[in-house]
1. Inspect all residues belonging to the range 59-66 and state whether any of them is touching a residue at least 40 places away in the same chain (Cβ under 8 Å), closer than 21 Å to residue 144 by Cα, part of a loop (DSSP other than H, G, I, E, B) and out of contact with any helix residue (DSSP H, G or I) (no Cβ under 9 Å at 6 or more places or on another chain).
2. What about residue 183, is it in contact with a helix residue (DSSP H, G or I) (Cβ under 6 Å, 6 or more places away or on another chain) and over 19 Å from residue 41 (Cβ atoms)?
3. With (1) farther than 18 Å from residue 167 by Cβ; (2) in a loop (DSSP other than H, G, I, E, B); (3) modelled with pLDDT of 95 or more as the list, and residue 91 as the residue in question, which single condition is left unmet?
């Protein structure tokens with residue numbers, strides 16, 4: 001009887017340790033799920049893609065960027081990337097994004113919002129058009145000539161918001177961007193297409209009139 005009583009505390013202690021371990025594992029799982037389930041998004045700018053305006057010199061006009069859904073109090077970064085989706089094989093932010101465009105990060109506020117105001121000395125984002133600062137790829141504006149520098153060329157690039165510039169993160173979010181027309185570059189004219197349409201209309205009318213006139217003349221001859 002005595003030996004049975006002696007083993008009860010040991011059994012109770014084991015159960016307590018198991019319960020504590022399960023509690024720790026459950027807490028970690030909940031925390032991980034909460035982080036992975038965070039829904040981040042671009043609150044500003046809007047567009048698919050967002051078209052970046054160019055000034056008279058062909059340089060991109062700065063614009064405000066706002067990200068939402070980030071963990072409050074964490075750093076949020078912004079940078080310009082190529083057009084490859086993060087699901088692409090071997091995608092890496094250090095290869096598919098240009099770290100040279102990354103400015104000083106901002107803190108996500110209590111609501112999870114990160115704001116990069118246009119014109120801000122430290123946090124104002126300025127995209128590049130042409131070859132990027134790190135020389136990884138080109139983002140071309142409408143009407144721009146291919147630089148033929150041996151590097152990838154994209155007509156549409158992306159903005160990336162994330163909590164880490166060096167690694168893919170669960171909170172990273174992307175927005176496609178394009179660039180306005182290069183000042184002074186020739187535009188594609190649609191007048192030739194319109195004129196061709198009118199030519200075909202005139203030809204069709206002429207054929208109808210010719211056929212109708214021929215039939216009328218044939219009937220006139222038979223009537224004689």
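The values are calculated or read from the model by the stated rules, or taken from the named source; none is laboratory data. For clarity, every value in this text was computed on a predicted model and none was experimentally measured. When we count neighbours, we look across all protein chains shown, and the Cβ atoms used for this are built from the backbone with ideal geometry, even at glycine.
1. yes
2. Judged against the criteria, residue 183 is not a match.
3. Of (1) farther than 18 Å from residue 167 by Cβ; (2) in a loop (DSSP other than H, G, I, E, B); (3) modelled with pLDDT of 95 or more, only one is false for residue 91: (1).
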